[in-house]
Amino acid sequence: MAYEAKNRKLREWVEEVATLCHPDEVHWCDGSKAEYDLLMAQMVAAGAAIPLEKRRNSFLFRSDPSDVARVEDRTYISTPNEEDAGPTNNWVAEDELKRTMLNLYEGCMRGRTLYVIPFSMGPLGSPMAKIGVEITDSPYVVCNMQIMTRIGEKVVEALGEDDEFVPCLHSIGAPLEPGEEDVPWPCAPMEKKYISHFTRENLIWSFGSGYGGNALLGKKCFALRIASAMARREGWMAEHMLILRLISPKGRRYHIAAAFPSACGKTNLAMLQPAIPGWKAECIGDDIAWMKIGPDGRLYAINPEAGFFGVAPGTSYQSNPMAMETCKENTILTNCALTDDGDIWWEGMGVPAPAHAIDWKGRDWSPGSAEPAAHPNARFTAPAAQCPAISSDWEKPDGVPIDIFIFGGRRSGVVPLVTEALDWDHGVFLGATASSETTAANIGEVGKLRRDPFAMQPFCGYNMADYFQHWFEMGDRLGDKAPRIFYVNWFRKTAEGEWLWPGYGDNSRVLAWMCERVEGEVEAGETPIGYLPGESDLDLGGLDLPPENIHELLRVDIEAWRAELPDIEQHFARFGERLPARLRDQLSGLRERLEG
Ligand code: O2Y
Ligand code: MN
């Protein structure tokens, strides 16, 4: 052991896991650069990583084709009663799931090293930070965790003798027999993959996958699923939200937390560069917000992560120049294509496709090949501190005060560009009914409408009906200090399928209107679905947008909204009696206003 952990529970747990999994060695990660460099060098020598000549200290990995994304069907929330997990989660009884997984873990690290990764979600020492310890047999996971969280000896030092931590056990589930040659991306077959959360004990057990959210357990497993259950018990919020600071020409700072389902440009919005003169934006986080009521009664947010695990395809200097700058060096690239000059490439990168490349499966590729060069879920793992738009306050221990919540989704029709909630309860209704159309980047049928409440459907660690109730209760506690709530849809199309709104940096025009609403500087029209800006209320200066577009973007189609009601009813019916009465009231209120 490179250092001694004074936390008795931690020492005992590591010993217990080592006895169960039979690794060849145990390595306590110190979080140093030397450690990162050594692990990378070992992975390069083993053929698992490819150093990139064109990006300093950056490496390409190719996953097994069966291990390319989060596996929702194999993700479990295990609570004492099935009803406490609710209809949006897969549930298995605690003892049954543990029995199954203990069998899988038995001897699963033979021929491998067991790495102990002490990590902090949130800046170390922040009153809002929480400590976890991930045990893994994947050096790829260690290097990713070093970018995505704060890891190492300093975390163990911060953990007192009897302090609590979240134990996160991960194995790729691919032991090596003596003399057996390893493969570049070892993992277990789908039917042996389990991403399990025991929320009563704050415990995470993951088996069989080395990819992203399945394996980097600080992210979705801890910071959302386990943390959301903790947050409900302890009276705070763990949300699937980006955090953005917008600065007006007068120098007033607004903090925005926004939740979007996948494929809605969340990372692009997190790193927004405003198109309106005089406004500035800074990024605080791109995926997760932990929020707590501060001594002044306002809601304060931190980004619990330290890096970005961003989706690569579609990221370009046009869609997100800040992300492109962020992943220029010190970056791990997964499932991108490799160019002949030692760089990476992906579809939608905004530069011409290379005449030849090696695709994410390691095959020769050229334009016109049958399959894309990069996997649609190819990722870059890059330190947040490298983002040119990162806020100087992104690691502020007490967080930043949230002024505005935004929910949204991708809808080609019906939902206007922006709507302000009538009040907090109506805002909770907007979050609870958030919907999005699936795209080619999502698995499944393209253009299908999916309800994804608060963008938390895959990430809520308990019954979603109780989560809705938690939002109401947070609003009650916040009172008149509660953030204002808005709903946006950047994706409205004409009947001919043309985009009505340019998006990207021009979304700042909508955010600026929200800030003016917060200041009480601009009127809004009350409609049955909420407050909307008048056609002349958005600053469209310098934007060549036909007036009919803005008319359509802000039109409330009463008939189309009435047609939405049965789908919302069906969505709510899933939660049965547990659905908060205040949500039923909101639905009745909407129906009455639409009939009125
Ligand atoms: O497929 C994965 O493991 C990554 S999923 C992901 C990564 C970064 C941010 N958000 C997500 C998500 O699914 O919401
Ligand atoms: Mn996410």
How do the pairs read when you match residues in the range 21-36 that are within 13 Å of residue 176 (Cα to Cα) and touching a residue at least 12 places away in the same chain (Cβ under 8 Å) with residues anywhere that are open to solvent by 20 Å² or more (accessible area, probe 1.4 Å) and in a loop (DSSP other than H, G, I, E, B), using Cβ under 7 Å and keeping only pairs 6 or more apart or on different chains?
22/110; 23/112; 24/111; 24/112
Within the range 387-406, of all residues that are assigned to a loop (DSSP other than H, G, I, E, B) and touching a helix residue (DSSP H, G or I) at 6+ places or on another chain (Cβ under 6 Å), the one farthest from residue 308 (Cα to Cα) is 403
Would you mind finding the one in 495, 455, 512 that is out of contact with any Leu (no Cβ under 7 Å at 6 or more places or on another chain) and within 16 Å of ligand 1 (Cβ to nearest atom)?
455
Hey, any hits in the range 197-205 for a residue that's in contact (Cβ under 8 Å) with a residue 60 or more places away in the chain, β-branched (Val, Ile, Thr), crowded, with 22+ Cβ neighbours inside 10 Å and farther than 20 Å from residue 142 by Cβ?
yes
Quick one: residue 226 ticks every box in (1) closer than 23 Å to residue 383 by Cα; (2) surrounded by 24 or more Cβ atoms within 10 Å (Cβ to Cβ); (3) out of contact with any helix residue (DSSP H, G or I) (no Cβ under 9 Å at 6 or more places or on another chain); (4) not acidic (Asp, Glu) except a single one, so which number is it?
(1)
Residues in the range 309-327: is at least one among the aliphatic types (A, V, I, L, M), touching a helix residue (DSSP H, G or I) at 6+ places or on another chain (Cβ under 8 Å) and open to solvent by less than 10 Å² (accessible area, probe 1.4 Å)?
yes
Per the filter on the range 370-383, residues closer than 14 Å to residue 286 by Cα and surrounded by fewer than 22 Cβ atoms within 10 Å (Cβ to Cβ) are 383
So, first residue more than 17 Å from residue 524 (Cβ to Cβ) in the range 405-433, second residue surrounded by fewer than 21 Cβ atoms within 10 Å (Cβ to Cβ) and among the hydrophobic types (A, V, I, L, M, F, W, C), Cβ within less than 7 Å, six or more apart or across chains; the pairs are 410/263; 413/560; 414/560; 414/561; 425/472; 428/472; 433/568
Considering only the range 37-45, I want to know if a residue exists there that is modelled with pLDDT of 95 or more and in a loop (DSSP other than H, G, I, E, B).
no
Take the residues in the range 403-419 that are within 28 Å of residue 481 (Cβ to Cβ) and surrounded by fewer than 24 Cβ atoms within 10 Å (Cβ to Cβ), then tell me which one is nearest to ligand 2 (Cβ to nearest atom).
404
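Based on this model, can you work out whether residue 449 counts as out of contact with any helix residue (DSSP H, G or I) (no Cβ under 6 Å at 6 or more places or on another chain), more than 16 Å from ligand 2 (Cβ to nearest atom) and more than 28 Å from residue 518 (Cβ to Cβ)?
yes
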Subset of the range 120-137, residues more than 12 Å from residue 304 (Cβ to Cβ) and open to solvent by 10 Å² or more (accessible area, probe 1.4 Å), comes to 125, 127
1 or more residues more than 16 Å from ligand 2 (Cβ to nearest atom) and not charged (D, E, K, R): qualifying strands (runs of 3 or more DSSP E) within the range 224-334
242-247, 253-259, 280-285, 289-293, 299-302, 332-334
Considering only the range 216-234, I want to know if a residue exists there that is in contact with a strand residue (DSSP E or B) (Cβ under 8 Å, 6 or more places away or on another chain), more than 29 Å from residue 143 (Cβ to Cβ) and of a type in the set (Lys, Arg).
no
What number of residues in the range 63-112 are open to solvent by 60 Å² or more (accessible area, probe 1.4 Å) and in contact with a Gly (Cβ under 6 Å, 6 or more places away or on another chain)?
1
Among the candidates 288, 276, single out the residue that is more than 16 Å from ligand 1 (Cβ to nearest atom) and touching a helix residue (DSSP H, G or I) at 6+ places or on another chain (Cβ under 8 Å).
276
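The values are calculated or read from the model by the stated rules, or taken from the named source; none is laboratory data. All values reported here derive from a predicted model rather than from experimental measurement. Here the Cβ is made from the backbone with ideal geometry for all residues, glycine too, and neighbour counts use every protein chain on show. We work out accessible area using only protein heavy atoms, side chains counted, and drop any ligands, DNA or RNA first. Shrake-Rupley method; radii C 1.70, N 1.55, O 1.52, S 1.80 Å.
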